[in-house]
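Structure first, commentary second.
The values are calculated or read from the model by the stated rules, or taken from the named source; none is laboratory data. Predicted, not measured: the structure shown is a model, and the values here were computed from it. With ideal geometry, Cβ positions are generated from the backbone for all residues, glycine too; neighbour counts draw on all protein chains shown. Remember, those area values only see protein heavy atoms, side chains included, never the ligands or the DNA or RNA. Shrake-Rupley method; radii C 1.70, N 1.55, O 1.52, S 1.80 Å.
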Amino acid sequence: MSQNRRRPKVLISGGGTGGHIFPALSIANILRTRLDAEILFVGADNRMEMERVPAAGYKIIGLPVAGFDRKHLLKNISVLFKLRKSLNMARRIVKEFEPDIAIGVGGYASGPTLKAAQKAGVPTLLQEQNSYAGVTNKLLAKNAQAICVAYDGMERFFPANKIVKTGNPVRKDLLDNHEAKEDARQRFGLAPDRPTVLVIGGSLGARTLNESMEEGLSRLCDAGLQVIWQTGKNFGDRAQKASKGKTGVVVTPFVSDMAAAYAAADLVVSRAGAGSISELELLGKPCILVPSPNVAEDHQTKNAMALSTRDAAVMIPDAEARERLTGEILRIMSDPSLLASMKENILELALRDSDEKIADRVESIIAANKK
């Protein structure tokens, strides 16, 4: 970049869940480090990105955009009004910010923002976290310069010549943590030498996982297992009652140090969001995946199957979890050779340096557009 050339400007849009926000922030961080880029985020009003992005040190503008209600069609009148208003706002943001590139990570806001960028002639890059592409990214793909993906077979959804297999960026603190398993367990007040299971259901918790743990916790404790149980904010009292009088059980609505929680665990029980799976792959964590049934196109089941079909994870359908989860935990934890093979298999699926690979593509698109 020449001395008199302004810093490259990057518009990043998307959010709604941590699975969209963490990759977006990872991409922003690497572009700020490598290119000294000026970065502006566009999110959806009242969604978690409006708190998480400013907390990470970036400016964000919120759009009133909302998702379509497929069950109550009349409610979509207001959704259409919000979409129109969001498109007008997005056009104004693009015109005023003058980005060199716009990056979409999925979520409600990325649709109008990247559509406005494409109409203004701004090059765009899409980052698709899941093995089954979202509607927004499918609609934007035709006019995008590149589509960064984490799974094979994505030419079902996107032009093959635009696909770049990069993997999903994950939080750096997870990868930089090299704490010994014993030390991590002691940090949670657990015995350093006892096998430990981590159960995570996201910030809101996962009812199926929570109710399965509530029912099976005594069996796990009787088998000598320790449990770190992240309940989300809506299940705390019930979990506390289920764990009362039991040793080796940590119940918490939110895990503030996920790096230590992962380090402490021999086995992880989780939903099958793309971000969580990428973390499990990179950390080589044997896992049981219980896909959420409440997601578009049942994409979490497809994410989980990409691992379970390669013996890199065990998948339990949500409807079967209450009956099967405890037994599967006991089966896996009692078989050291199975744990070892699951670790080996999941590590083989890990895609490393995803943020660097995405930054390489962003840099080449900006350079090509200057010519």
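Below, the figures for the structure above:
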item	result
Residues within segment 247-286 that are over 14 Å from Leu175 (Cβ atoms), open to solvent by less than 20 Å² (accessible area, probe 1.4 Å) and not in a loop (DSSP other than H, G, I, E, B), tallied	8
Those residues of segment 89-115 which are open to solvent by 10 Å² or more (accessible area, probe 1.4 Å) and over 24 Å from Leu35 (Cα atoms), in sequence order	Met89, Arg91, Arg92, Gly107, Tyr108, Gly111, Lys115
Flag if Tyr108 is in contact (Cβ under 8 Å) with a residue 60 or more places away in the chain, of a type in the set (Ser, Thr, Tyr), over 21 Å from Glu363 (Cβ atoms) and touching an Asp or Glu at 6+ places or on another chain (Cβ under 6 Å)	no
Within segment 161-176, considering residues that are open to solvent by less than 50 Å² (accessible area, probe 1.4 Å) and out of contact with any Gly (no Cβ under 8 Å at 6 or more places or on another chain), the one nearest to Tyr262 (Cα to Cα)	Leu174
Conditions (1) modelled with pLDDT of 95 or more; (2) under 22 Å from the mean Cα position of the chain (by Cα); (3) surrounded by fewer than 22 Cβ atoms within 10 Å (Cβ to Cβ); number of the one not met by Glu182	(2)
Matching residues, segment 153-171, being charged (D, E, K, R) and more than 15 Å from Glu281 (Cα to Cα)	Glu155, Arg156, Lys162, Lys165
Residue that is most open to solvent (accessible area, probe 1.4 Å), among those in segment 294-328 that are out of contact with any strand residue (DSSP E or B) (no Cβ under 9 Å at 6 or more places or on another chain) and within 10 Å of Ala272 (Cα to Cα)	Lys302
Close pairs from segment 232-257: first closer than 18 Å to Ala191 by Cα, partner aromatic (Phe, Trp, Tyr), Cβ under 7 Å, at least 6 apart	Val249/Trp229; Val250/Phe188; Val250/Trp229; Val251/Trp229
Every pair of residues 6+ apart whose Cβ atoms lie under 6 Å, when the first sits in segment 325-352 and is outside any helix (DSSP H, G or I) while the second is aliphatic (A, V, I, L, M) and crowded, with 17+ Cβ neighbours inside 10 Å	Leu349/Ala312; Ala350/Leu282
Selected residue (criterion: surrounded by the fewest Cβ atoms within 10 Å (Cβ to Cβ)) from residues of segment 122-143 that are farther than 21 Å from Asp298 by Cβ and either touching a Lys or Arg at 6+ places or on another chain (Cβ under 6 Å) or β-branched (Val, Ile, Thr) (or both)	Val122
Residue under evaluation Ala223, criteria (1) at pLDDT below 90; (2) open to solvent by 20 Å² or more (accessible area, probe 1.4 Å), criterion not met	(1)
Flag for Leu63 being closer than 19 Å to Ile12 by Cβ, open to solvent by less than 30 Å² (accessible area, probe 1.4 Å), modelled with pLDDT of 95 or more and out of contact with any Pro (no Cβ under 6 Å at 6 or more places or on another chain)	no
Criterion violated by Trp229 - all others in (1) under 16 Å from the mean Cα position of the chain (by Cα); (2) within 15 Å of Thr326 (Cα to Cα) satisfied	(1)
Yes/no for Ala306 being hydrophobic (A, V, I, L, M, F, W, C) and out of contact with any Asp or Glu (no Cβ under 9 Å at 6 or more places or on another chain)	no
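To keep it simple, each residue is scored yes or no on (1) over 22 Å from Thr33 (Cβ atoms); (2) open to solvent by 50 Å² or more (accessible area, probe 1.4 Å).
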{"site": "Glu348", "(1), (2)": "yes, yes"}
{"site": "Asp355", "(1), (2)": "no, no"}
{"site": "Val362", "(1), (2)": "no, no"}
{"site": "Ala368", "(1), (2)": "no, yes"}
